[in-house]
């Protein structure tokens with residue numbers, strides 16, 4: 001029997017000040033994005049962990065429109081997914097909820113099954129040229145934007161339109177590759193499980209392939225060791241991340257290191273701290289995150305041996321494959337070997353990390369640069385003010401049809417307040433809304449978002465705040481005990497100490513470096529193939545995902561145990577309420593580095 | 001030296017076994033008549049022996065012997081009277097009470113002098129062949145009729161292991177006859193409208209193999225029906241504790257194509273079927289602690305079992321399960337002894353069979369788009 005969580009509180013017709021429905025006038029295929037509206041309780045909506053800060057007007061509309069309602073729905077139609085039509089989006093305040101769109105008509109499902117029977121093999125046979133072709137196309141466009149002189153371009157209209165098209169095209173490529181790769185991987189996964197292979201071993205078969213994200217981590221770590229060698233450890237130790245750039249500038253002898261750091265940024269620093277969010281800066285725009293990472297690496301005395309970790313990952317992979325094959329009949333080995341080869345060629349867990357470097361972390365940057373240049377020209381109070389406009393308003397301003405000063409400027413002020421109001425409410429947002437099923441079928445929701453029957457049940461537990469033992473997906477094996485740091489977003493990563501246990505809604509590539517220092521991780525969302533699961537395995541950090549309510553049940557400062565082998569998280573000692581209150585920064589008092597504003 | 005020289009000189013020729021013979025020997029009966037005369041259990045042993053599989057020595061007390069006993073002793077009329085009294089829709093309690101009454105009649109009705117003579121003669125011949133005095137035997141019910149191989153009848157009829165001496169053998173034979181009238185069997189026939197006359201029972205008397213280890217083996221996976229593997233379950237001592245589900249056995253899976261052991265799960269085995277010399281029978285006792293967690297079979301023994309199962313399946317041309325015994329005196333390289341075999345009724349659901357190739361479309365359809373959770377989640 002389905003439980004219904006009403007959406008009435010959020011379907012008020014009110015949204016960002018000055019919002020009009022036509023602000024969402026964007027392409028969609030099955031269902032368009034919007035704020036919650038009456039009747040939405042018939043769907044099943046989950047709080048999307050990718051945007052735990054909330055989204056500005058421009059970020060909200062462009063991502064939900066061009067990303068989810070175009071990108072996923074387009075890919076779900078073209079592969080197609082027989083019973084699924086992609087993802088749609090709704091907003092409760094600034095917070096995005098997603099929902100999988102089902103195809104229920106049996107005839108349509110059958111017709112779509114016939115189409116995927118042609119298209120999936122074609123994709124797998126041509127995987128390399130399809131993915132690399134798409135990636136190179138995006139890199140070419142990226143190089144084009146790198147060569148553009150935004151300040152010297154008289155009319156920015158064309159650049160803004162092109163910047164949006166770049167993002168939209170990136171999402172076609174992203175989901176066009178992701179869906180068939182995931183289908184192939186999960187088919188292999190199911191076959192392995194049916195052949196009696198321990199499901200917890202299956203992820204290992206495809207691990208140990210280097211990614212651009214892991215390469216970035218090694219470079220950050222190398223810079224930390226260079227800083228130590230250059231005698232800069234004290235500077236890092238005595239300054240907060242946001243003070244470090246200035247402090248290093250004042251430090252005699254830090255010059256050569258800063259040059260190295262800037263060279264590093266030119267290669268690896270074109271990455272934002274969130275997935276496809278025009279509202280957050282890149283490492284180049286704001287050095288706080290990479291300098292904060294270096295600071296925490298310096299706190300650890302023992303050196304992390306990336307090469308040894310990589311060798312271990314490969315050795316573990318070969319051992320896992322050998323162990324699995326030993327228990328299979330000759331007939332099963334033939335299926336396993338062919339499936340493994342197919343998945344090694346089109347390696348979904350690898351792609352799931354690597355593609356972020358080319359797509360998720362940077363495709364919003366050209367649009368952001370254009371908005372910031374426009375803000376400069378319009379004498380806006382803040383360089384990010386244009387991100388509080390909706391797309392039609394932005395077009396009006398850039399084309400000179402409407403002045404920014406006056407009505408729009410005051411709206412931006414009100415919208416900033418609205419953003420901050422909802423940013424502070426993030427931890428109270430319901431994890432799910434609408435008609436909650438006992439189980440969902442969409443593989444992306446299960447394997448990436450972690451919406452399995454257990455977590456769906458967990459988020460409906462009225463006693464979530466007082467429970468001390470919770471079960472999730474055993475994502476990376478091993479047991480760890482430590483002090484919990486409950487983080488709302490990667491803006492708070494600097495609060496993690498070596499040995500901390502990370503507790504958060506979910507992680508994305510911007511979190512990867514912290515796995516070099518944390519002892520364990522516990523996440524509300526995320527399945528076997530989520531970022532935290534994949535990186536937890538690569539780094540050997542005990543990780544449990546899909547707990548549903550870890551950020552509600554666990555308070556900052558609690559002593560907890562993460563058992564990544566059984567998928568259990570236990571609160572051993574509750575933190576004194578006073579100490580928890582002082583270690584959790586009030587969101588409005590200290591604007592997190594990544595939040596526009 | 002053959003049994004034919006002593007017991008039935010004129011029955012040795014192929015196809016000449018008389019339907020009225022009270023006893024047929026496993027190694028002498030024409031396999032084409034073996035099931036009709038000796039019941040399905042004994043008949044299959046005869047077939048196996050003829051096809052070169054190692055089986056124990058022994059003979060069947062035929063269905064004719066049973067029918068003649070019932071007819072000549074007056075049991076037939078008394079049984080029919082009890083069953084008639086039951087009517088067509090008796091209560092469970094009435095069926096049980098009728099069953100107890102009939103089985104009591106079998107125990108109290110002595111075997112006629114003629115048949116006693118034939119059985120004594122055959123038992124003495126078995127002792128001679130085994131070079132033993134009062135050789136311990138297994139006395140097994142061996143039912144006939146179309147329904148006899150029905151899964152409903154699995155384990156329904158009596159088996160006595162370790163019976164020694166002609167008096168005890170005769171008692172065991174009469175008990176086996178009576179087990180044609182257990183409550184379950186009676187109820188089954190009433191429900192199906194089958195007369196007990198349509199499925200007379202034979203009884204096997206076979207040399208008891210002194211078991212070091214025993215077990216069952218399936219030429220397909222007994223649950224999933226997957227035909228690419230052989231599944232073996234085993235424990236120390238005789239197989240009764242396994243067949244009756246009294247012990248959690250070691251579980252072994254073997255690839256059929258190449259004979260590789262795919263997995264060997266050692267169980268904690270609490271009960272063992274062992275020979276009790278005081279009682280003169282195999283009974284179930286607590287497993288000695290030092291044996292409980294020890295792995296029962298080595299690679300060579302697993303290979304010998306798998307080899308026997310493969311050749312039995314090839315002989316019949318359909319999947320089989322078998323009961324096997326490894327005797328105390330078996331040496332590496334010797335075949336294992338097969339004491340029972342029958343067809344496996346489980347067949348693989350098409351979606352559970354191991355796919356022939358890696359087909360990403362079919363797998364995605366099966367695991368992602370079927371609306372069922374991915375296994376192992």
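The values are calculated or read from the model by the stated rules, or taken from the named source; none is laboratory data. Just so it is clear, the model here is predicted, and its values are computed rather than measured. No Cβ is skipped: glycine too gets one built from the backbone with ideal geometry, and neighbour counts run over all protein chains shown.
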Could you please give the count of residues in region A:377-402 that are farther than 21 Å from residue A:22 by Cβ and part of a helix (DSSP H, G or I)?
-> 2
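Is it fair to say residue A:434 is on the phi > 0 side of the Ramachandran plot and touching a residue at least 40 places away in the same chain (Cβ under 8 Å)?
On the way: on the phi > 0 side of the Ramachandran plot: yes; touching a residue at least 40 places away in the same chain (Cβ under 8 Å): yes.
So residue A:434 passes the test.
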Is there a residue in region B:303-321 that is under 27 Å from residue B:40 (Cα atoms), in a strand (DSSP E or B) and touching a residue at least 40 places away in the same chain (Cβ under 8 Å)?
-> yes
Counting only residues that are assigned to a helix (DSSP H, G or I) and under 20 Å from residue A:425 (Cα atoms), region A:531-559 contains a total of 4
Within region A:103-144, residues being out of contact with any helix residue (DSSP H, G or I) (no Cβ under 6 Å at 6 or more places or on another chain), without any contact (Cβ under 8 Å) to a residue 60 or more places away in the chain and closer than 24 Å to residue B:371 by Cα number 14
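With respect to residue B:348, determine if the residue is at pLDDT below 90 and either within 30 Å of residue A:344 (Cβ to Cβ) or within 14 Å of chain A (Cβ to nearest Cβ) (or both). Break it down into steps so the answer makes sense when it comes.
On the way: at pLDDT below 90: yes; either within 30 Å of residue A:344 (Cβ to Cβ) or within 14 Å of chain A (Cβ to nearest Cβ) (or both): yes.
Yes, satisfied.
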Out of A:502, A:496, which single residue is at pLDDT 95 or above and under 22 Å from the mean Cα position of the chain (by Cα)?
-> A:502
Among the residues of region A:79-97, is any assigned to a helix (DSSP H, G or I) and out of contact with any strand residue (DSSP E or B) (no Cβ under 6 Å at 6 or more places or on another chain)?
-> no
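Could you list, in sequence order, all residues of region A:162-178 that are closer than 18 Å to residue A:394 by Cβ and free of Cβ contacts under 8 Å to residues at least 60 places away in the same chain? Reasoning before the result, please.
Of all residues in region A:162-178, those closer than 18 Å to residue A:394 by Cβ come to A:162-168.
Listed by number, the list holds a single entry, A:165.
Return the residues of region A:246-257 that are in a helix (DSSP H, G or I) and either surrounded by 16 or more Cβ atoms within 10 Å (Cβ to Cβ) or touching a strand residue (DSSP E or B) at 6+ places or on another chain (Cβ under 9 Å) (or both); say none if nothing qualifies.
We begin by selecting, within region A:246-257, every residue in a helix (DSSP H, G or I); these are A:246-250, A:255-257.
Of everything in region A:246-257, those that are in a helix (DSSP H, G or I) and either surrounded by 16 or more Cβ atoms within 10 Å (Cβ to Cβ) or touching a strand residue (DSSP E or B) at 6+ places or on another chain (Cβ under 9 Å) (or both) turn out to be A:247, A:248, A:257.
Select from region A:1-16 the residues that are farther than 19 Å from residue A:426 by Cα, assigned to a loop (DSSP other than H, G, I, E, B) and touching a residue at least 40 places away in the same chain (Cβ under 8 Å) and list them in ascending order. Explain how you work it out, then say what you get.
To start, the set of residues in region A:1-16 that are farther than 19 Å from residue A:426 by Cα comprises A:1-4, A:13.
If we keep only those that are assigned to a loop (DSSP other than H, G, I, E, B) too, we end up with A:1-2, A:13.
Selection gives A:2 alone.
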Could you tell me which residue of region B:357-372 is modelled with the highest pLDDT, considering only residues that are more than 7 Å from every other protein chain (Cβ to nearest Cβ) and more than 13 Å from residue A:188 (Cβ to Cβ)?
-> B:370
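Among the residues of region A:333-348, how many are over 15 Å from residue A:201 (Cβ atoms), in a helix (DSSP H, G or I) and either modelled with pLDDT of 95 or more or away from every other protein chain (no Cβ under 14 Å) (or both)?
9
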Applying the selection to region A:295-332, what residues are within 19 Å of residue A:212 (Cβ to Cβ) and at pLDDT 90 or above?
-> A:314
Right, residue A:117: under 24 Å from the mean Cα position of the chain (by Cα), within 14 Å of chain B (Cβ to nearest Cβ) and either under 30 Å from residue A:488 (Cβ atoms) or not in a strand (DSSP E or B) (or both) or not?
-> no
Among residues of region B:299-335, those that are surrounded by fewer than 15 Cβ atoms within 10 Å (Cβ to Cβ) and touching a helix residue (DSSP H, G or I) at 6+ places or on another chain (Cβ under 8 Å), counted = 3
In region A:79-104, what count of residues is obtained for those that are farther than 22 Å from residue A:450 by Cβ, more than 14 Å from chain B (Cβ to nearest Cβ) and modelled with pLDDT under 95?
-> 0
Looking at (1) outside any helix (DSSP H, G or I); (2) in contact with a helix residue (DSSP H, G or I) (Cβ under 8 Å, 6 or more places away or on another chain); (3) away from chain B (no Cβ under 14 Å), which is the one condition that is false for residue A:197?
-> (3)
Restricting attention to region B:208-266, and to residues there that are at positive phi and part of a loop (DSSP other than H, G, I, E, B), which single residue is modelled with the lowest pLDDT?
-> B:225
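Scan region A:305-344 for residues that are in contact with a strand residue (DSSP E or B) (Cβ under 7 Å, 6 or more places away or on another chain) and touching a residue at least 24 places away in the same chain (Cβ under 8 Å) and jot them down. It would help to see each step written out before you state the result.
Pass one, region A:305-344, residues in contact with a strand residue (DSSP E or B) (Cβ under 7 Å, 6 or more places away or on another chain): A:327-330.
Scanning region A:305-344 gives A:327, A:328.
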The condition from (1) surrounded by fewer than 15 Cβ atoms within 10 Å (Cβ to Cβ); (2) out of contact with any helix residue (DSSP H, G or I) (no Cβ under 8 Å at 6 or more places or on another chain); (3) over 24 Å from residue A:532 (Cβ atoms) that residue A:338 misses is numbered (1)
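Given the condition surrounded by 14 or more Cβ atoms within 10 Å (Cβ to Cβ), assigned to a helix (DSSP H, G or I) and over 29 Å from the mean Cα position of the chain (by Cα), answer yes or no: does some residue in region A:349-370 qualify?
First, the residues of region A:349-370 that are surrounded by 14 or more Cβ atoms within 10 Å (Cβ to Cβ): A:349-370.
Next cut, assigned to a helix (DSSP H, G or I) only: A:349-358, A:365-370.
Still in the running and over 29 Å from the mean Cα position of the chain (by Cα): none.
No, the conditions are met nowhere in region A:349-370.
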Mind checking which strands (runs of 3 or more DSSP E) fall wholly inside region A:403-488 and carry at least 2 residues that are in the same structural domain as residue A:575 (by TED's automatic domain parsing)?
-> A:469-471, A:473-476, A:479-487
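Condition check ((1) surrounded by 19 or more Cβ atoms within 10 Å (Cβ to Cβ); (2) modelled with pLDDT of 95 or more) across all residues:
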{"position": "A:13", "(1), (2)": "no, no"}
{"position": "A:17", "(1), (2)": "no, yes"}
{"position": "A:25", "(1), (2)": "no, no"}
{"position": "A:31", "(1), (2)": "no, yes"}
{"position": "A:35", "(1), (2)": "yes, yes"}
{"position": "A:45", "(1), (2)": "yes, yes"}
